[in-house]
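The values are calculated or read from the model by the stated rules, or taken from the named source; none is laboratory data. Since the structure is predicted, the reported quantities are computational estimates derived from the model, not experimental observations. Here Cβ is always computed from backbone atoms with ideal geometry, including for glycine, and neighbour counts include all displayed protein chains. Remember, those area values only see protein heavy atoms, side chains included, never the ligands or the DNA or RNA. Shrake-Rupley method; radii C 1.70, N 1.55, O 1.52, S 1.80 Å.
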Amino acid sequence: MRTAYTSDQIRSAELALMARLPEGTLMDRAATGLAGVCAHLLAGSRGRVYGSRVALLIGSGDNGGDALYAGARLARRGARVEAVLAGSRTHEGGLAALRKAGGRAHPYDAARARELLADADLVMDGLVGIGGSGPLREPYGTLAELTAEAGGLVVAVDVPSGVDASSGRVEGPAVRAHLTVTFGAYKAGLLVDPGATHAGAVELVDIGLGPFLPDPEVAALTADDVADLLPRPGEESDKYRRGVVGIAAGSDRYTGAAVLSVGGAVRAGAGMVRFASSAEPVRLVRARWPEAITTVLDPSLVLKSSLDEVGRVQAWVLGPGLGTGPEAHAVARAVLSTGVPVLVDADGLTLVAKDRTLLRRAAPTVLTPHAGELSRLLGVPREHIEAGRLDHVRRAAAELGATVLLKGSTTLVAEEHRPVRVNTTGTPWLATGGTGDVLSGIAGALLAAGLTGYDAASCAAYVHGLAARTAAGGGAVGRGQAPIAALDVAQALPEALRTL
Ligand SMILES: NC(=O)C1=CN([C@@H]2O[C@H](COP(=O)(O)OP(=O)(O)OC[C@H]3O[C@@H](n4cnc5c(N)ncnc54)[C@H](O)[C@@H]3O)[C@@H](O)[C@H]2O)[C@@H](O)CC1
Ligand SMILES: Nc1ncnc2c1ncn2[C@@H]1O[C@H](COP(=O)(O)OP(=O)(O)O)[C@@H](O)[C@H]1O
Ligand SMILES: [K+]
């Protein structure tokens with residue numbers, strides 16, 4: 001499990017550790033690690049450190065101190081290091097070390113800074129770290145913009161300046177780094193968008209903080225964690241014990257979502273899928289997934305909240321393509337009044353947003369909104385949710401009494417009193433119609449197999465992202481990849497699951 005923390009948590013741990021060590025030890029560890037990573041990058045891009053040009057952006061706090069000490073180390077290895085002193089004051093020890101090593105420092109001047117940044121092989125952003133609050137003040141904001149204009153290699157020290165380390169919020173200009181070298185532990189804001197995109201790749205430098213860290217605010221499952229959690233059939237398994245998932249999805253108007261959701265469940269390893277809907281989606285699901293047992297719902301029985309005709313299931317998926325009219329509402333009421341876990345997606349979320357009484361139930365509920373759907377559930381503008389994903393997913397879990405999986409460029413899973421889980425797989429190729437329907441089926445299959453809502457949602461997000469990457473051609477977005485369609489994601493599930 002990869003764990004991440006807020007600035008306050010990191011600061012308390014640092015204080016406890018610092019009290020046991022000679023002064024300056026932590027900054028020395030941080031700067032040594034930072035210089036090592038930068039030297040490695042320079043050796044990779046220019047062949048050697050000697051003669052390379054390094055620009056340091058220095059703020060008034062210890063973040064600037066780290067950059068100055070690291071710059072001094074690079075200067076001792078023959079790099080031409082020039083610092084822009086942008087703060088009202090400068091870390092004295094760091095500045096003295098840089099000068100002693102042959103580096104140069106200049107007070108901030110926009111024209112000079114622009115030249116230095118344009119000439120630099122590598123820019124080290126030491127403006128603000130975990131001590132930052134609110135939008136970047138001047139001249140830091142201008143420096144963040146000049147750095148982006150210069151277009152060189154950017155390494156953020158601890159946190160990209162302008163990104164809130166605890167939440168990943170970005171208000172105003174912020175540094176966009178290729179790599180962030182972070183000290184002691186991951187900061188939550190480095191894993192959650194928009195902060196995660198600004199951070200680029202994140203490298204952790206150990207400074208000995210481990211024993212002093214509290215329970216994390218945010219956690220990310222690794223491949224091993226997911227492999228341990230995923231259900232695998234035992235010798236004596238049968239289809240019922242592996243988990244029967246019911247899917248109430250589709251309508252005569254929207255049929256595709258039902259086919260995709262059933263596909264996700266079948267390919268994710270459900271023991272059996274029972275599909276219940278109106279005639280047309282049933283016909284199409286039967287044609288595409290003969291494995292599914294289907295029932296054409298009788299509207300008069302549904303209005304009596306009865307799903308007896310469908311047969312027993314261990315969990316339900318409710319909503320993809322269901323519609324939002326009175327019949328859909330009756331289906332939602334019938335499904336949500338059962339005593340088994342229910343995953344609510346898409347139109348199901350619209351129904352629930354209009355009638356919160358549907359969520360009054362004893363069994364677990366998992367909601368899988370994107371930002372627009374969460375906006376309707378919470379009555380908060382969509383942009384606010386995208387800017388503060390972590391806060392809003394937590395709030396939704398508490399307010400709605402459910403496990404909430406928030407989809408988007410960063411997928412988060414929240415449940416009260418648990419760390420928010422952030423998904424590390426996935427690819428922007430997933431931003432295409434219908435992939436969310438596949439996700440609902442995968443999570444439904446895992447719920448039916450007996451995973452908790454929290455584990456089912458976070459494992460589903462992980463394998464969904466992995467399958468999407470597999471379907472697109474593997475790795476980060478780049479050459480050698482092709483766009484994917486939602487059904488490709490379902491079809492790639494077996495290949496992705498075999499790697500776990
Ligand atoms: N505390 C420790 O033990 C360690 C701290 N380290 C470094 O120290 C950093 C934290 O240092 P500090 O607590 O001095 O804080 P920072 O250096 O992160 O920032 C604080 C300074 O930035 C200014 N500032 C805050 N928000 C601003 C904004 N929006 N615009 C412009 N200026 C702003 C503040 O007025 C203050 O002068 C960490 O991120 C890390 O880089 C490392 O050396 C490892 C050890
Ligand atoms: N930029 C992105 N990067 C990674 N994943 C994304 C991105 N945009 C969307 N996704 C993922 O794609 C899926 C889209 O689901 P959803 O919004 O429900 O679409 P649909 O309703 O068309 O199925 C989600 O799993 C979401 O997390
Ligand atoms: K920084």
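Annotation note: of A467, A472, A486, A457, the sole residue that is out of contact with any Ser or Thr (no Cβ under 6 Å at 6 or more places or on another chain), away from ligand 1 (no atom under 16 Å from the Cβ) and assigned by TED's automatic domain parsing to the domain that holds A397 is A467.
What do you reckon, is P214 open to solvent by 20 Å² or more (accessible area, probe 1.4 Å) and touching a residue at least 40 places away in the same chain (Cβ under 8 Å)? Against the criterion (open to solvent by 20 Å² or more (accessible area, probe 1.4 Å) and touching a residue at least 40 places away in the same chain (Cβ under 8 Å)), P214 qualifies. When the stretch 304-317 is limited to residues that are under 15 Å from S277 (Cβ atoms) and not in a loop (DSSP other than H, G, I, E, B), the one that is most open to solvent (accessible area, probe 1.4 Å) turns out to be E309. Looking only at the stretch 77-100, decide whether some residue is among the hydrophobic types (A, V, I, L, M, F, W, C) and touching an Asp or Glu at 6+ places or on another chain (Cβ under 6 Å). The answer is no, given that none of the residues of the stretch 77-100 is among the hydrophobic types (A, V, I, L, M, F, W, C) and touching an Asp or Glu at 6+ places or on another chain (Cβ under 6 Å). With respect to A97, is the statement that it is crowded, with 20+ Cβ neighbours inside 10 Å, within 16 Å of ligand 3 (Cβ to nearest atom) and in the same structural domain as L146 (by TED's automatic domain parsing) true? Judged against the criteria, A97 is not a match.
Within the stretch 159-181, residues that are at positive phi reach partners that are away from ligand 2 (no atom under 16 Å from the Cβ) and of a type in the set (D, E) with beta carbons closer than 9 Å, at six or more positions or on different chains, in the pairs G162/E171.
Only one of the listed residues (L406, L377) is assigned by TED's automatic domain parsing to the domain that holds S458, within 15 Å of ligand 2 (Cβ to nearest atom) and within 23 Å of A476 (Cβ to Cβ). That residue is L406. Quick check, is G103 assigned by TED's automatic domain parsing to the domain that holds R137, away from ligand 1 (no atom under 16 Å from the Cβ), loosely packed, with under 14 Cβ neighbours inside 10 Å and of a type in the set (G, A, S)? Taking the combined requirement at face value, the residue does not satisfy it.
Picking from V81, V154, which residue would you name as being under 26 Å from I10 (Cα atoms) and away from ligand 1 (no atom under 11 Å from the Cβ)?
Criteria check complete, one pass: V154.
Return yes when R29 is in the same structural domain as E138 (by TED's automatic domain parsing) and either within 31 Å of the chain's Cα centre (by Cα) or crowded, with 17+ Cβ neighbours inside 10 Å (or both) and no when it is not. Spelling it out, R29 is indeed in the same structural domain as E138 (by TED's automatic domain parsing) and either within 31 Å of the chain's Cα centre (by Cα) or crowded, with 17+ Cβ neighbours inside 10 Å (or both). Would you point out the residue of the stretch 467-487, among those that are open to solvent by 30 Å² or more (accessible area, probe 1.4 Å) and of a type outside the set (G, A, S), that is modelled with the lowest pLDDT? That would be V477. Scanning the stretch 323-362 for residues that are under 27 Å from the mean Cα position of the chain (by Cα) and under 15 Å from S440 (Cβ atoms) turns up P341, V342, L343, V344, D345, A346, D347, G348, L349, T350, L351, V352. Candidates in the stretch 104-128 are the residues that are more than 21 Å from V49 (Cα to Cα) and within 15 Å of ligand 3 (Cβ to nearest atom); of these, the one that is nearest to the chain's Cα centre (by Cα) is V128.
When the stretch 378-388 is examined, which residues are found to be open to solvent by 10 Å² or more (accessible area, probe 1.4 Å) and either in contact with a helix residue (DSSP H, G or I) (Cβ under 8 Å, 6 or more places away or on another chain) or on the phi < 0 side of the Ramachandran plot (or both)?
Correct list: L378, V380, P381, R382, E383, H384, E386, A387.
When the test is whether a residue is out of contact with any strand residue (DSSP E or B) (no Cβ under 7 Å at 6 or more places or on another chain), free of Cβ contacts under 8 Å to residues at least 60 places away in the same chain and either more than 16 Å from ligand 1 (Cβ to nearest atom) or open to solvent by 30 Å² or more (accessible area, probe 1.4 Å) (or both), G436 does not pass it.
Do we find a residue being closer than 30 Å to L213 by Cβ, of a type in the set (K, R), without any contact (Cβ under 8 Å) to a residue 60 or more places away in the chain and within 12 Å of ligand 2 (Cβ to nearest atom) anywhere in the stretch 383-403? Scanning the stretch 383-403 turns up no residue that is closer than 30 Å to L213 by Cβ, of a type in the set (K, R), without any contact (Cβ under 8 Å) to a residue 60 or more places away in the chain and within 12 Å of ligand 2 (Cβ to nearest atom).
Name the residue that is farthest from ligand 3 (Cβ to nearest atom), counting only residues in the stretch 141-160 that are surrounded by fewer than 24 Cβ atoms within 10 Å (Cβ to Cβ) and charged (D, E, K, R). Among those that are surrounded by fewer than 24 Cβ atoms within 10 Å (Cβ to Cβ) and charged (D, E, K, R), it is E149. With the condition kept exactly as written, say whether any residue in the stretch 230-241 is within 25 Å of the chain's Cα centre (by Cα), buried (at least 24 other Cβ atoms within 10 Å of the Cβ) and at pLDDT 95 or above. So far as the stretch 230-241 goes, no, none of its residues is within 25 Å of the chain's Cα centre (by Cα), buried (at least 24 other Cβ atoms within 10 Å of the Cβ) and at pLDDT 95 or above. Scan the stretch 318-365 for residues that are in a helix (DSSP H, G or I), of a type in the set (V, I, T) and open to solvent by 40 Å² or more (accessible area, probe 1.4 Å) and jot them down. Passing the criteria: only T357.
Give the stretch 156-184 a look and list any residue that's touching a helix residue (DSSP H, G or I) at 6+ places or on another chain (Cβ under 6 Å), among the aliphatic types (A, V, I, L, M) and under 19 Å from L26 (Cβ atoms), or say none. Matches in the stretch 156-184: V157, A165, V181.
The rows are residues; the columns are (1) closer than 21 Å to R389 by Cβ; (2) open to solvent by less than 10 Å² (accessible area, probe 1.4 Å); (3) more than 11 Å from ligand 3 (Cβ to nearest atom).
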| residue | (1), (2), (3) |
| --- | --- |
| I130 | yes, no, no |
| P139 | no, no, yes |
| E171 | yes, no, yes |
| H178 | no, no, yes |
| D206 | no, no, yes |
